[in-house]
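Participant: My questions all concern the structure below.
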Amino acid sequence: MTETPTIVLIHGAFADAASWAPVTRALLDHGMRVRVPAVPNRSLIGDSAYIRSVVEQIDGPVLLAGHSYGGAVITVAGMAENVVGLVYVSGYALTEGESLGELQGGFPDSDLAQHLVYTPFPVDGGEPGTDVTVEVDAFPEVFAHGVALAHAQVLAASQRPLAALAFGEGAPAAAWKTKPAWGIVSAADRTINPDVERFGYQRAGLRKVVELDAPHLVMQTHPVEVARVITDAIAEIG
């Protein structure tokens, strides 16, 4: 490969592109080309199709990095021809046909499960959908553990819902079967059982897995380490 890949960072549920801000800054300081698109968070298949369309409009190779639910998104969107690698960050490495609910269901629930809120939203011409969010008061300890409380409270107030539909859709493809991939396990994760991350990564045969004593928002608490995994992946691809 003669061209350094553009890095596309994919956020997860209950977060937005700003969740990647510290890593984005670190990668830009390394002279990398970075894109951090907003994920619709409406359905796994729809979100993956949208991110794939973003990726396919980028000239040259792309390295996809996905956090949390974003890991499921890159698993599918990574089938784009110009994607040359995947990095899972506290993420779901689904296999073909598997849903988030099925992967999570094989392990004990994390602290998140008892703090979810379900709210209906209108859908044109159909039954109302259901948005899933995290209880605002529980958000700092469950989702943003390790982040300064003042900042965690802002994240809680501005969290981006995930449609419940996304939890039950099976992944139509698994890009890690044909693309090299790397992973970060957040060993102190209270949102995803870390064993869910470990299992998915092991099954996918990732080239390298880095385990950090970090919470779910590892991009916020350990941006240098996360950026290093991404740049090391690019160096290995190159």
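The values are calculated or read from the model by the stated rules, or taken from the named source; none is laboratory data. Computed from a prediction, not measured in an experiment: that's the story for all the values here. All Cβ positions, glycine included, derive from the backbone under ideal geometry; neighbour counts span all protein chains shown. Calculation scope for accessible area: heavy atoms of the full protein, side chains included, ligands and nucleic acids excluded. Shrake-Rupley method; radii C 1.70, N 1.55, O 1.52, S 1.80 Å.
Participant: Taking GLU127 and the conditions (1) in contact with a helix residue (DSSP H, G or I) (Cβ under 7 Å, 6 or more places away or on another chain); (2) more than 30 Å from GLY238 (Cα to Cα), which numbered condition does it fall short on, given that it satisfies the others?
Facilitator: Condition (1) is where GLU127 drops out.
Participant: Tally the residues that are open to solvent by less than 30 Å² (accessible area, probe 1.4 Å) and out of contact with any strand residue (DSSP E or B) (no Cβ under 8 Å at 6 or more places or on another chain), restricting the search to region 157-169.
Facilitator: Matching residues across region 157-169 total 1.
Participant: I want to confirm something. Restricting to region 196-238 and keeping residues that are touching a Pro at 6+ places or on another chain (Cβ under 8 Å) and in a helix (DSSP H, G or I), which single residue is farthest from ALA175 (Cα to Cα)?
Facilitator: That would be THR221.
Participant: Separate question: With respect to PRO140, determine if the residue is in contact with a Pro (Cβ under 8 Å, 6 or more places away or on another chain) and either open to solvent by less than 50 Å² (accessible area, probe 1.4 Å) or part of a strand (DSSP E or B) (or both).
Facilitator: So PRO140 fails the test.
Participant: OK, next. Looking at region 178-191, which of its residues are more than 14 Å from HIS216 (Cβ to Cβ) and surrounded by 17 or more Cβ atoms within 10 Å (Cβ to Cβ)?
Facilitator: LYS179, PRO180, ALA181, TRP182, GLY183
Participant: Criterion first (open to solvent by 20 Å² or more (accessible area, probe 1.4 Å), of a type in the set (S, T, N, Q), in contact (Cβ under 8 Å) with a residue 60 or more places away in the chain and not in a loop (DSSP other than H, G, I, E, B)) does THR133 satisfy it?
Facilitator: Yes.
A quick yes/no check of all residues on (1) farther than 20 Å from GLU98 by Cα; (2) hydrophobic (A, V, I, L, M, F, W, C); (3) in contact with a Ser or Thr (Cβ under 7 Å, 6 or more places away or on another chain):
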site	(1), (2), (3)
PRO5	yes, no, no
ALA21	yes, yes, no
ARG33	yes, no, yes
ASN41	no, no, no
VAL54	yes, yes, no
GLY85	yes, no, no
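Participant: Quick one: is VAL147 closer than 17 Å to GLY70 by Cα and modelled with pLDDT of 95 or more?
Facilitator: no
Participant: Output the strands (runs of 3 or more DSSP E) that fall wholly within region 3-117 and possess 1 or more residues being open to solvent by 10 Å² or more (accessible area, probe 1.4 Å), or say none.
Facilitator: In region 3-117, the matching strands (runs of 3 or more DSSP E) lie at 83-89.
Here's the yes/no breakdown for (1) part of a strand (DSSP E or B); (2) surrounded by 19 or more Cβ atoms within 10 Å (Cβ to Cβ); (3) at positive phi:
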position	(1), (2), (3)
THR119	yes, no, no
HIS145	no, yes, no
LEU155	no, yes, no
ALA173	no, no, no
TRP176	no, yes, no
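Participant: Shifting gears a bit: Can you tell me which residue in region 217-236 is surrounded by the most Cβ atoms within 10 Å (Cβ to Cβ), limited to those that are more than 19 Å from PHE14 (Cβ to Cβ) and aliphatic (A, V, I, L, M)?
Facilitator: Once the filter is applied, the top-ranked residue is ILE230.
Participant: Do we find a residue being within 17 Å of GLY46 (Cα to Cα) and of a type in the set (Val, Ile, Thr) anywhere in region 103-125?
Facilitator: Yes, because at least one residue in region 103-125 is within 17 Å of GLY46 (Cα to Cα) and of a type in the set (Val, Ile, Thr).
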